[in-house]
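The values are calculated or read from the model by the stated rules, or taken from the named source; none is laboratory data. Just so it is clear, the model here is predicted, and its values are computed rather than measured. Neighbour counts run over all protein chains shown; Cβ positions are idealised from the backbone, glycine included.
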There are 2 protein chains.
Amino acid sequence: MTENDRQELLEQIKWTEDGLIPVVAQDYQSKDILMFAWMNREAFSLTISEQRAIYWSRSRQKIWRKGEESGHIQQLKEVFIDCDQDVIVLKVEQIGGIACHTGRRSCFYRKLEEGVWQTVEAVVKNPNEIYHK
Amino acid sequence: MTENDRQELLEQIKWTEDGLIPVVAQDYQSKDILMFAWMNREAFSLTISEQRAIYWSRSRQKIWRKGEESGHIQQLKEVFIDCDQDVIVLKVEQIGGIACHTGRRSCFYRKLEEGVWQTVEAVVKNPNEIYHK
């Protein structure tokens, strides 16, 4: 992609006032929703050029190369944008099968059951074994 | 659910400063991601009590009973929340098979192909036939 093409692509996205766009990561095979995060222009550009999910961490205010510590990177399969061009869906291959920092497959492991949030998904790997701090 | 239980449930959700939470609607059978929207406390409470997706329209600044004009309501099957308790996934049955105001099954009908957003999903029904304005 030329620099012009990249700029044009970025301009077609409707960024928030903070220059961000919400992103949903979905497993390209199981179609499970894995996680939700945000991208800025740089993160989006890096995601496309490196073909792996790279987000903008709003809490740390920096580029977040998903899997940089855990090794659980998300290889890019497909990118979709919605009708308003203000939300992105990434279809990814979740390396290691773990998207959540709690060591679970997906971040959406709590289900509303009889009025309370019940944990319905087991930890695949102890976070202490994932993040060697 | 008692009023106390409802309040407790609402308090467990991490709302934005504007009192909102992002919501992803997913088809409970195909697992396709249908749309992305927001809820405030009232919308979330109504969604649970009426067992259909009710959002907060940020553009119109009012409760948005998905399907109120089109009839394409989203019947609630399951509700999930993520690890940070600040994003919700609804598994829904999309009545009419059309979630998008463009008359498509899903709002995520544009796919990034060779650097451009390509429309990869056909219109199921002409919006003029859906919205009788």
Among the residues of segment A:70-86, is any hydroxyl-bearing (Ser, Thr, Tyr) and crowded, with 18+ Cβ neighbours inside 10 Å? yes
For A:Ser57, are the conditions met, namely being more than 23 Å from A:Lys14 (Cβ to Cβ) and among the hydroxyl-bearing types (Ser, Thr, Tyr)? no
Going by the conditions given, is B:Glu121 of a type in the set (Asp, Glu) and either facing chain A (nearest Cβ under 7 Å) or touching a helix residue (DSSP H, G or I) at 6+ places or on another chain (Cβ under 7 Å) (or both)? no
Scanning segment A:21-69 for residues that are within 14 Å of another protein chain (Cβ to nearest Cβ) and small (Gly, Ala, Ser), which turns out surrounded by the fewest Cβ atoms within 10 Å (Cβ to Cβ)? A:Ser59
Residue count for segment A:79-96, restricted to those that are of a type outside the set (A, V, I, L, M, F, W, C), within 17 Å of A:Gln12 (Cβ to Cβ) and under 13 Å from the mean Cα position of the chain (by Cα): 0
Yes/no for A:Ala122 being within 23 Å of B:Phe80 (Cβ to Cβ), modelled with pLDDT of 95 or more and out of contact with any Ser or Thr (no Cβ under 8 Å at 6 or more places or on another chain): yes
Take segment A:72-90 and flag every residue that is more than 8 Å from chain B (Cβ to nearest Cβ) and over 16 Å from A:Ala43 (Cα atoms). A:His72, A:Lys77
